[in-house]
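One structure is given below, encoded as C-alpha cells.
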Number of protein chains: 4
Amino acid sequence: MKDNKVLSSVKDEELIRKRRDQMIKGALTLFKEKGFHRTTTREIAKESGFSIGTLYEYIRTKEDVLYLVCDSIHGEVKKRLEVVVERNQASTENLGNVITSFFHLMDEMQEEILILYQEVKSLSKETRSAILQKEREMATMLEKAITASLPNALPKQDITLLANNIMIQGHMWGFRRWMLQKEFTLEQYIQKQLQFAFSALRINKVK
Amino acid sequence: MKDNKVLSSVKDEELIRKRRDQMIKGALTLFKEKGFHRTTTREIAKESGFSIGTLYEYIRTKEDVLYLVCDSIHGEVKKRLEVVVERNQASTENLGNVITSFFHLMDEMQEEILILYQEVKSLSKETRSAILQKEREMATMLEKAITASLPNALPKQDITLLANNIMIQGHMWGFRRWMLQKEFTLEQYIQKQLQFAFSALRINKVK
Amino acid sequence: MKDNKVLSSVKDEELIRKRRDQMIKGALTLFKEKGFHRTTTREIAKESGFSIGTLYEYIRTKEDVLYLVCDSIHGEVKKRLEVVVERNQASTENLGNVITSFFHLMDEMQEEILILYQEVKSLSKETRSAILQKEREMATMLEKAITASLPNALPKQDITLLANNIMIQGHMWGFRRWMLQKEFTLEQYIQKQLQFAFSALRINKVK
Amino acid sequence: MKDNKVLSSVKDEELIRKRRDQMIKGALTLFKEKGFHRTTTREIAKESGFSIGTLYEYIRTKEDVLYLVCDSIHGEVKKRLEVVVERNQASTENLGNVITSFFHLMDEMQEEILILYQEVKSLSKETRSAILQKEREMATMLEKAITASLPNALPKQDITLLANNIMIQGHMWGFRRWMLQKEFTLEQYIQKQLQFAFSALRINKVK
DNA sequence: CATGAATGAGGGTTCATTCAT
DNA sequence: TATGAATGAACCCTCATTCAT
C-alpha cells in the first residue's frame, strides 16, 4: 500500500490520505522551484495549507516529505504509463504508439522527473532503494510493452537495454532541455528517436 | 582561464592553483559521499588539509567550491576526451573506438558525472549557465568526432541527436548503475550500445 | 504604533509585546555594560530569559534589537516628559520647574541617553532617521513648554536654540559625568544652569 | 610624549612617527565613514598604504589604532586651540573672539568630534581615562581663556560650567547637525550663543 | 623591516523538530 | 486533531592576530 512506509500519529486513514495529498502537492511546487534542501518545512506546511504542527502530525521527518513526493511522482508515471500500455495491443505499429505516448508523458512530467534525478540521493539508504525499485518496475513495464509489440523474439538483454535507452531518452528530453529543446520540437525529437529505435530493431529494413 | 570566475584574496597565482586543487580534491571526495548540501565548509577545509579561515582565503562562498568542483570535472572530462578524439583518425572503425573510449571514460568518472547531474542546480543562475556551456562543448566534441568518422554526410540533426544519445548512455551507465551494472558488464554494455548506434547509422546511410 | 517597523514571525500581538519588553530590558542592560557591538545576540537572548531561537522569532536582525532599544528609550523619555510638561501650567516659575524636572529625568536616564549618543550610528540609514525624528519631537516638546511659560514672545530661533541648549545640557550631565559630577551635585548643576537660562531670557526681554 | 602608550616592535622612532601618521590618517578616514567596529584592520592597513603585517609592527591591537586616532584628534584640537587662545589678549571683546574661533574650529572638526563621542567607549578603561584627561585639559584651556578675558572675578564653578556649556555647544553643532544646521548658519549659531553667553556673564557680574 | 598567507574562535542567523495548549 | 511558540544544534562566514619568509 502506498505511503505505508511513513508513520503518522493520526489514526483516521482517510484524513491521512487527504492531508498527504495536500502536502505532496505543496511540496512538489516548492521542490520544483527551489529544490528539496532549499525548501523549509515551514514553507511546505504553508504551501500545503496547514500549520507546521499539523505537518508533523502526518510525517516524522522532512525526509518523509521527499519520500512521499518521489513516491507520488512514480505513482503518477506508473498510472499513466499503464493506461498507455493497455490501450495498445501488441503489434509493431503500436510499439511506436507506446514510445510516442511515453515521450509525451515525459514531456509533461519533465520537472517531476528532474526532481527524481536530483533529490533521490537525499533519501536514506532504505527509502532510496524503495524508490529505485519503482524505477525498475517502470523499466519493466516498458520492456514488456516492447516485447509484446515485437514480431519475433529478441535477446532479453537487447530488450532491457532498448527499454532503458528509451526511458532515459524520455528523461533526457527534460533534463537536457536547455540543449535539446532549442534544436528540436517534441515531435521532431520523437520521430528521430523512433527512427533510431526501429533501426536498432531492424524493423525498418522491412518497412 | 580556468577558475577566473572565483575571487581569492590571495595574490600568489601559483599558490591559488595549488590550494584550489587541494580544495577541489577534498570537496569532491565529500560531495561524492554526502552531496553538496550535507557537506559543511569546515569539512571541506579539513579534508583539504587546511583551516576554515584558509579555505575562505581562496573562495568567497560555499557555492564557489561547488563551481570549482563542477568546473574541474568538466575540465577533466574535456582533457581526456580530447586525447581520445585526437588519437583516432577519421574512419568508421575508429568511431567505434571513440565511443568505446568515451564509455570507458564515463565509467571511470561515474561519481563525478553524478555530481553534475545532482548539484549543478545549486549553482546560481549565472554560474550554472557557465557550467552548462561546458556541457554543450562536450556534446560538440562528440559530434565532431562522429562526423569525422563517418564515410558520408548525415543530416546535422541526426548527428546532434546521436551524439546526445551516446553521451547520456555514457552517463546512464553511472547513474543507473544499480540497474545496468547488474545485468551487463561494461564491455557487454558498450558492445550492445555500439551495435545499436551502428544500426542507426547504417539505416540512415541507406536512406 | 510602536514597534511596527520590526517584523516578527509570531502572530500573537500580546505575546510580541511581552517578549519584546523582556528583550529590550535584557538588551538595555547589556548595551549599558558593553555597548551594542560587544554584545552578542546569544547574550541578549540569555539575559532576556529565552533561547536564541526564540529571540529570532521576534526580530529579524541584531540591528532590530538596537532599534527597539533606542525606540523604547525615546518612548520612555517622551512619556515622562509629557507628564512633566502637562503638570506645569504656563508661567515663568513653572518654566523653572519644567527644566528642573527635565534635568532630573536626564539624570535618571543617563545611561540610556549615552546609548543613544553612541549607538544610533549603527542603525541603518532608514531606521536612524526614524530615531532622529523622535529626537526632534523631544526638542519640540521642550520648545513648546518654554514658549508656553514665557510672559512675552521671543524670536522662534531663540527658543529653538534655548531648547536645544537645555536639552544637551541635560544630556551632558550624563555623558560628561566624569567631569561634571565631580564638581557639582545635581542640584547645584540645575541651579546654575537655570540661572544661565533665565539670564539669557531676561536679556532678550530687555533687548 | 605623544603615542608613548602604544608599543611597537620597530626601533626607529622616526619611522614609527611616519608610519603612525599614515595609519592615523587612513584609520580616521575609515572611522568617519563606517565607525570603529565596522572597520577592519585589513582596511586600515590598505588605506594607510601598507600591509596588514606592517600595521602590526607598529601597534599591538586594533584598539591601539583607536587610541592613536583619538589621541591625535585631541592633539589637533589642542594645537589649534592654543593658537587661538594665545592670539587673543585678555579682554571681554576677545572672549568673543576666542569663542567664535572655537566654534569655527569645532565646525571644521565635526566628524572628528563625533568619533570621540561615539568610539571612546570602545577603549579599555586605562586608555579611556588617558583620553578623558585630554578632554579635561581642553576644558581647562577654555576656562583659562574665559577667566583671562573677564574684567572681574567670577566664582570658579560658574566659569567651569560656562566653559563646559560652550564646549558642548561647539560639539553639538556637529553631532546635532541634522537639527541645527537646517535652522542656523554657522554665523547665526555663533552669534546667538555668544548673546546667551554674555547675558549669563552680565547677570553674574551684577550679582 | 615588510609582507601576506594561515589560523580558528566566535558571530549572526536558520530551521527541523517538539510539545503545551 | 490542529496550532504555533519555543528550542538549540549547526551552519556559513569574518576578522584580529601571528609568524615564516
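Compute the signed sum of charges (Lys and Arg +1, Asp and Glu -1) over the other residues within less than 12 Å, Cβ to Cβ, of C:Glu47. Net charge in that neighbourhood comes out at +3.
Taking a point 7 Å out from the Cα of C:Tyr56 in the direction of its Cβ, the residues of the range A:41-67 whose backbone N falls within less than 14 Å of it are A:41-42.
Note on chain C: GNM, Cα springs under 10 Å; of C:Lys34, C:Lys62, C:Lys78, the largest mean-square fluctuation is that of C:Lys34. Comparing Cα centroids, the range C:1-63 and the range B:6-30 end up 41 angstrom apart.
Any of D:Lys62/D:Lys121; B:Lys11/B:Lys125; A:Lys156/B:Lys156; A:Lys125/B:Lys32 with alpha carbons more than 21 Å apart? Name them for me.
Pairs exceeding the cut-off: B:Lys11/B:Lys125; A:Lys156/B:Lys156.
Counts of other chain beta carbons within 10 angstrom of each beta carbon in peptide B:188-194 average 2. A simple charge model with +1 on the Cβ of Lys and Arg, -1 on the Cβ of Asp and Glu and nothing else charged puts the dipole of chain A at about 340 debye relative to its Cα centre. Of all residues in chain B, the one whose Cβ lies closest to the rotation axis carrying B onto D, together with that distance in whole Å, is B:Gly53, 4. With its label point put 7 Å out from Cα toward Cβ, A:Val83 sits 5.1, 7.4, 9.0 nm from the same residue's point in the other copies, in order from shortest.
Residue by residue through D:9-20, how many Cβ atoms from other chains fall within 10 Å of the Cβ on average?
0
Between copies, B:Glu137 shows label-point distances of 4.4, 6.1, 6.6 nm, shortest first, with the point placed 7 angstrom from Cα along Cα to C-beta.
Calculated from the alpha-carbon coordinates, the protein assembly as shown shows an Rg and a Dmax of 39.5, 128 Å respectively.
Sorted from nearest, the other copies put their B:Gln195 label points 2.4, 10.8, 11.4 nm away, the label point being 7 Å from Cα in the direction of Cβ. Here the 3J(HN,Hα) profile of the range D:110-120, calculated from phi with Karplus coefficients 6.51, -1.76 and 1.60 at θ = phi - 60°, is 2, 5, 5, 4, 4, 4, 4, 4, 8, 10, 3 Hz, Gly and Pro shown as x. Note on chain D: GNM, Cα springs under 10 Å; of D:Asp71, D:Asp107, D:Asp12, the largest mean-square fluctuation is that of D:Asp12.
Here the Debye sum runs over all C-alpha atoms of the range A:66-200 as equal scatterers in vacuum, and log10 of I(q)/I(0) at q = 0.10, 0.18, 0.20 Å⁻¹ comes out as -0.33, -1.03, -1.22.
Taking every residue in C:155-165 and counting other chain Cβ atoms within 10 Å of its Cβ, the average works out to 4. For an R0 of 60 angstrom, estimate the FRET efficiency from the Cβ-Cβ distance between D:Arg128 and A:Ser9 and round to the nearest 0.05. Efficiency, from the Cβ-Cβ distance: 0.50.
Which value at 222 nm does chain B reach when only helices count, each DSSP H run of 4 or more adding -39,500 (n - 2.57), with the total divided by all residues and rounded to the nearest 500 deg cm²/dmol?
Result for chain B: -26000 deg cm²/dmol, rounded to the nearest 500.
Largest GNM mean-square fluctuation among A:Met167, A:Met109, A:Met179, using chain A with Cα springs under 10 Å: A:Met179.
Coordinate-derived values only; no laboratory data. Being a predicted model, the structure only gives us computed values, none of them experimental. Methodologically, a virtual Cβ is constructed for each residue, glycine included, from the backbone with ideal geometry; neighbour enumeration extends over all protein chains shown.
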